[in-house]
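Enquirer: One structure is given below, represented as C-alpha cells, and several questions about it will come after.
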Amino acid sequence: MFSLLRKTRIGRTFICTASLVSTSMLFAFSANAADPIVIKFSHVVADSTPKGQGALLFKQLVEERLKGKVEVQVYANSSLYGDGKEMEALLLGDVQFIAPSLAKFGQYTKKLQVYDLPFLFQDISAVDKFQQSDTGKSLLKSMENHNITGLGYWHNGMKQLSANKPLHVPRDARGLKFRVQASDVLDEQFKAIRANPRKMSFAEVYQGLQTGVVNGAENPWSNIYSQKFNEVQDYITESNHGVLDYMLITNTEFWNGLPDDIRDQLSNILDEVTEHVNSKAGELNQTAKQAIIDAGTSEIIQLKPEERAEWVKAMKPVWDKFEDDIGSDVIEAALAVGN
Ligand code: LMR
C-alpha cells in the first residue's frame with residue numbers, strides 16, 4: 001500500500017490512496033469550491049484529427065458552461081504521456097481523461113479485440129451501429145474491475161495500408177516490416193500475410209518509417225497526413241481493412257467521486273462532443289486524403305474487387321484465433337448489426 005497526497009496545479013486538493021496491487025483509489029474532493037477541478041486530457045494525435053478536435057471542443061464547452069468550476073487541460077501529440085504511459089497515468093490519477101485506440105486495451109479486456117478483426121466491418125457506419133448496440137455499449141463497462149470507465153466511442157476511421165512499395169495483393173507485403181499498435185490481433189493480421197509486425201508506440205512511427213526500422217504501417221488518412229507519414233511512404237493502398245476508433249475513458253473512482261451536478265453536466269457535454277466528433281470524423285479523413293493527393297507524396301492504390309478478395313482471404317483466418325477470447329457472441333453481434 002502507498003498513499004499520495006496530491007494537489008492539482010491550480011489548487012483543488014484531493015486525496016488519493018491507492019494500492020499498487022489492487023489499484024483501488026479513493027478520490028475526495030476538497031470543500032474549497034473556489035478552486036476548479038482540473039481535468040487533464042492527454043492524447044497522442046494532432047489537434048487537427050477527430051480525437052484532437054474532440055478534446056479541444058470538450059475543453060471549450062466545459063470552460064463555457066462550468067466556468068470556474070472545472071478546468072480542462074489538453075495535451076496533444078504525446079506531449080504529456082505517450083502510448084505506453086497514458087493508461088498508467090490514468091490509473092494513478094495523473095491524468096483524468098484519455099482516449100486510446102480500441103486496439104490498445106488488450107491488457108484490460110480481450111473483448112475489445114473484436115474491433116481489430118480484419119474485414120469485420122464494411123465501413124464506419126457499420127462500426128457505429130455496433131457501438132450503439134447493447135453489446136457495443138456493454139463493452140464500455142467491461143473494464144470497471146480495473147477502475148476504467150468508458151464514457152463513449154469516438155470515431156477516427158477505417159485504416160489504410162501504407163508502405164515503401166506498392167501493395168496490390170497480400171504477397172506484395174511478404175517479408176515487409178509493419179508497425180502495429182499494441183494489439184495481438186494486429187500482430188497476427190500481418191503474420192497471416194507473411195509480413196513482420198513490430199509493435200511500436202505512435203510517437204515513434206514517423207522515425208521508424210523514415211529510418212527503415214519498419215517499411216509500412218496502417219492508419220486512417222487523418223493520422224497519416226497529420227503525422228506526415230505520407231512523406232515517408234511512397235504508396236498508400238485504400239484497403240479499408242479495419243477500423244481505428246477510440247474509447248474515451250476515465251478513472252472510475254475519479255468519475256464517481258465528482259459532485260453529482262458536475263458529473264451530470266460533464267456527461268451532457270461529452271454526449272454533445274461525441275456526437276460532433278462522430279459526425280465530423282469522415283469529413284476530416286476525406287480532407288486529409290485530399291491533402292495527401294494534393295501534396296503528391298504518395299501514389300494511392302485502389303484495389304480491384306479480385307485483389308480485395310485476396311486480402312480478405314488471407315487475413316480473415318485471424319478471426320478464429322481470437323474467437324474464444326473475444327466471445328463468439330460479441331463477434332456475432334458485430335456481424336449482425338454491422339453488415
Ligand atoms: C496509433 O497508434 O496508430 C493510433 O492508435 C494513434 C491514435 O491515437 O489515433
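Enquirer: Could you list, in sequence order, all residues of the stretch 283-305 that are surrounded by 13 or more Cβ atoms within 10 Å (Cβ to Cβ), closer than 17 Å to Ser239 by Cβ and not β-branched (Val, Ile, Thr)?
Expert: If the condition is that a residue be surrounded by 13 or more Cβ atoms within 10 Å (Cβ to Cβ), closer than 17 Å to Ser239 by Cβ and not β-branched (Val, Ile, Thr), then Asn285, Gln286, Ala288, Lys289, Ser298, Leu303 are the ones that fit.
Enquirer: Filter the stretch 99-109 down to residues that are within 13 Å of His155 (Cα to Cα) and more than 7 Å from the ligand (Cβ to nearest atom) and give me whichever is surrounded by the fewest Cβ atoms within 10 Å (Cβ to Cβ).
Expert: Across the stretch 99-109, the extreme among qualifying residues is Leu102.
Enquirer: Sort through Leu303, Leu248, Leu244 and tell me the only one that's over 25 Å from Pro170 (Cα atoms) and touching a strand residue (DSSP E or B) at 6+ places or on another chain (Cβ under 9 Å).
Expert: Leu248
To keep it simple, each residue is scored yes or no on (1) in contact with a helix residue (DSSP H, G or I) (Cβ under 6 Å, 6 or more places away or on another chain); (2) within 23 Å of Ala46 (Cα to Cα).
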{"residue": "Lys228", "(1), (2)": "no, yes"}
{"residue": "Leu244", "(1), (2)": "no, yes"}
{"residue": "Leu270", "(1), (2)": "no, yes"}
{"residue": "Thr274", "(1), (2)": "no, yes"}
{"residue": "Asn278", "(1), (2)": "no, yes"}
{"residue": "Ala295", "(1), (2)": "no, yes"}
{"residue": "Ser298", "(1), (2)": "yes, yes"}
{"residue": "Gln302", "(1), (2)": "no, no"}
{"residue": "Ala309", "(1), (2)": "no, no"}
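Enquirer: Gln96 is checked against (1) in contact with a Phe, Trp or Tyr (Cβ under 6 Å, 6 or more places away or on another chain); (2) modelled with pLDDT of 95 or more; (3) within 16 Å of the ligand (Cβ to nearest atom) and fails just one. What number does that condition carry?
Expert: So the condition that Gln96 fails would be (3).
The values are calculated or read from the model by the stated rules, or taken from the named source; none is laboratory data. Keep in mind it's a predicted model, so treat the numbers as computed, not measured. Note that each Cβ is placed from the backbone with ideal geometry, even for glycine, and that neighbours are counted across all protein chains shown.
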